[in-house]
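One structure below.
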Amino acid sequence: MAKIIDGKKIRDYNLGILANEVAELKENGIETCLAVIIVGNDSASRIYVNNKKAACEKIGIKSLEFALPEETTTEELIALIDKLNADGSVNGILCQLPVPKHINKNEVLERIFPSKDVDCFHPENVGRLSIGKGHLMPCTPMGMVKMLEYEGIDPAGKHCVVIGRSDIVGKPMAMLMLSKNATVTVCHSKTVDLPSITRQADILVAAVGIANFVKADMVKDGAVVLDVGMDRDENGKLCGDVDFDAVSEKASAITPVPGGVGPMTITMLMRNTVEAAKEQNKIY
Ligand code: NAP
């Protein structure tokens with residue numbers, strides 16, 4: 001039976017460390033500050049933004065919210081970003097996705113200064129990550145790295161198979177695992193005979209977006225399984241990409257959904273905000 005990797009416990013551990021760092025910055029006269037922009041009335045986005053603000057409050061980060069109407073133009077959004085870029089008291093800027101369809105998302109994301117890009121979506125930060133010089137890190141993948149660290153699992157020399165090649169999870173996770181000296185294989189919807197590849201994984205990362213997609217016969221005995229999925233089963237209940245009950249009989253360690261990878265994503269957003277504040281104030 002696999003060890004359950006407890007995302008809430010690891011979140012609380014990391015938030016504790018970050019709260020101390022925020023307090024230390026405050027003693028040096030620096031108030032760490034995150035600006036969150038939300039455009040329109042998407043209800044899921046509203047929940048995410050509220051959760052991000054609550055995490056800030058918990059560890060002493062000041063949060064600013066800019067709620068803009070649905071009809072906001074790309075130019076208006078960019079004007080706000082320019083203002084926040086120029087504001088020395090703002091350390092991190094986040095534009096909650098999705099933005100309404102008429103807004104040029106890439107133009108907006110690329111306008112945020114790389115030094116304030118706490119979501120790590122700017123091409124400069126993506127490029128830095130790919131050459132092993134990342135500072136602000138992709139939140140969900142970095143959360144998984146922190147989980148492995150906490151559990152004492154060293155990816156070096158292990159075969160890490162990532163299912164999914166999205167820009168926010170699959171690709172950056174592959175880069176991070178490479179930087180940790182794993183041998184990495186990235187799979188996607190055109191991969192031929194996926195199970196034969198996933199069965200080779202010492203560390204299997206599922207970032208597919210299909211409920212219970214990874215079955216026990218796709219997993220090697222003793223593998224570490226990290227489930228990024230946030231899906232709904234046939235009863236509408238939140239579940240992951242991994243068939244948890246069956247796979248936990250074979251894996252050595254596994255993240256549950258909910259309570260696994262999910263709680264780490266906002267934690268790493270907090271980490272990036274603190275790192276941005278330190279870098280901008282030349283505190284190393
Ligand atoms: P995405 O952009 O839809 O990417 C899904 C990936 O899965 C794609 O690369 C796709 O391949 C691949 N895929 C789809 N069907 C496949 C199949 N049959 N066999 C192999 N690969 C297949 O999704 P995402 O944004 O990476 O998110 C993935 C999941 O993680 C979702 O459930 C999402 O809600 C969740 N998520 C959770 C968090 C968190 O904080 N916990 C954060 C982000 C995302 P192609 O590229 O060939 O289409």
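The values are calculated or read from the model by the stated rules, or taken from the named source; none is laboratory data. Source: prediction; values computed, not measured. Counting neighbours? That spans all protein chains shown, and the Cβs are built from the backbone with ideal geometry, glycine included. These area figures cover heavy atoms from the full protein model, side chains too; ligands, DNA and RNA do not enter into them. Shrake-Rupley method; radii C 1.70, N 1.55, O 1.52, S 1.80 Å.
Roll a 1.4 Å probe over the protein chains and send me the accessible area per residue for region 174-279 in Å². Intermediate results must be reported in sequence, preceding the final value.
Numbers: 4380 Å² over 106 residues.
Per-residue accessible area for region 174-279 comes out at 41 Å².
Per residue and in cubic angstrom, what volume does the convex hull of the Cα atoms of region 1-155 have?
In region 1-155, the Cα hull volume divided by residue count equals 140 Å³.
Solvent-accessible area per residue for region 1-142 at a 1.4 Å probe radius, Å²?
Result: 50 Å² of accessible area for each residue.
Using only the C-alpha atoms of region 210-266, find the volume of their convex hull and express it per residue in Å³.
Numbers: hull volume 4.1 nm³, N = 57.
With only Cα atoms used, region 210-266 gives 71 Å³ per residue.
Express in % the proportion of alpha carbon pairs of region 104-227 at distances exceeding 19 Å.
48
Specify the inter-centroid distance of region 26-56 and region 95-126, based on alpha-carbon positions, in whole Å.
15
How large, in percent, is the carbon and sulfur part of the accessible surface of the chain at a probe radius of 1.4 Å? Working shown, then result.
Numbers: 6850 of 13250 Å².
Reported share for carbon and sulfur atoms: 52 percent.
What trypsin sites (Lys or Arg not before Pro) in region 251-282 are in a loop by DSSP, with at most 15 other Cβ atoms within 10 Å of the Cβ?
For trypsin sites (Lys or Arg not before Pro) across region 251-282 that sit outside H, G, I, E and B with at most 15 neighbouring Cβ atoms in 10 Å, the list reads LYS282.
Given region 141-199, what whole percent of its Cα pairs are spread farther than 12 Å?
For region 141-199, the share of Cα pairs beyond 12 Å comes to 66 percent.
With only alpha-carbon atoms counted, please give the Rg and Dmax of the chain, in Å.
Using the Cα atoms of the chain, the pair Rg, Dmax is 19.1, 57 Å.
With a 1.4 Å probe and every protein chain left in place, tell me how much accessible area ASP202 has, in Å² to the nearest 10.
50
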